[in-house]
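Undergrad: Below is the structure I would like to discuss, written out as structure tokens.
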Amino acid sequence: MPGKTSKRANAVLILDCSGSTGNWVQRSVSAWKQTLKAQHYGEEDEVHIIEFESETKMSRHKVKDLDALDMRSKGGTYMTGVVFELETVLNKYKGETVSIWVVSDGQIFDQTLFKGSMMRTLSRYLNSPNISVL
């Protein structure tokens, strides 16, 4: 149909903010912004960032604000908390497309716990045609 716009996927960045990432945390966010723009996300589109280190935190931002976040590295590399934040996003956008980006620089400390938690908590979502992992 002429004039019809298609809704872009709900974008989620799962970002390693552990101490070993150094200056790459904000650089990764800025690179993600460029990728979003290349995929035709608008400046006013809202996206989610799930930061993980010793703690996990989820936040929402407009694409236009990503360069100004001034995100920094801190803490250890623990991902288990990501599972619960991601489940919140997947439940919120149930039936809609969700694109998930994961940026990390290495092995996580709680890898076994994270993997088990992913399979138990998110297995029902993993075969969905509405989730794409990039």
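Undergrad: When the residues of the stretch 58-106 are filtered to those that are among the hydrophobic types (A, V, I, L, M, F, W, C) and open to solvent by 60 Å² or more (accessible area, probe 1.4 Å), which remaining residue is farthest from residue 36 (Cα to Cα)?
TA: 84
Undergrad: In the stretch 58-86, what count of residues is obtained for those that are over 22 Å from residue 7 (Cβ atoms) and in contact (Cβ under 8 Å) with a residue 24 or more places away in the chain?
TA: 18
Undergrad: Please give the number of the condition residue 52 fails out of (1) open to solvent by 80 Å² or more (accessible area, probe 1.4 Å); (2) within 12 Å of the chain's Cα centre (by Cα).
TA: For residue 52, the exception is condition (1).
Undergrad: Can I ask one more? Could you say which residue among 109, 84 is assigned to a helix (DSSP H, G or I) and within 25 Å of residue 19 (Cα to Cα)?
TA: From the options 109, 84, the qualifying one is 84.
Undergrad: OK, next. In the stretch 55-65, is there at least one residue being assigned to a helix (DSSP H, G or I), out of contact with any strand residue (DSSP E or B) (no Cβ under 7 Å at 6 or more places or on another chain) and more than 20 Å from residue 110 (Cα to Cα)?
TA: Looking for residues that are assigned to a helix (DSSP H, G or I), out of contact with any strand residue (DSSP E or B) (no Cβ under 7 Å at 6 or more places or on another chain) and more than 20 Å from residue 110 (Cα to Cα), one finds at least one in the stretch 55-65, hence yes.
Undergrad: Just to be sure, is residue 70 over 11 Å from the mean Cα position of the chain (by Cα), of a type in the set (Asp, Glu), farther than 19 Å from residue 96 by Cα and not in a loop (DSSP other than H, G, I, E, B)?
TA: no
The values are calculated or read from the model by the stated rules, or taken from the named source; none is laboratory data. Not measured: the values here are computed from a predicted model. Note that we place each Cβ from the backbone using ideal geometry, even for glycine, and neighbour counts take in every protein chain shown. Surface accessibility is based on the protein's heavy atoms, side chains included, excluding ligands, DNA and RNA. Shrake-Rupley method; radii C 1.70, N 1.55, O 1.52, S 1.80 Å.
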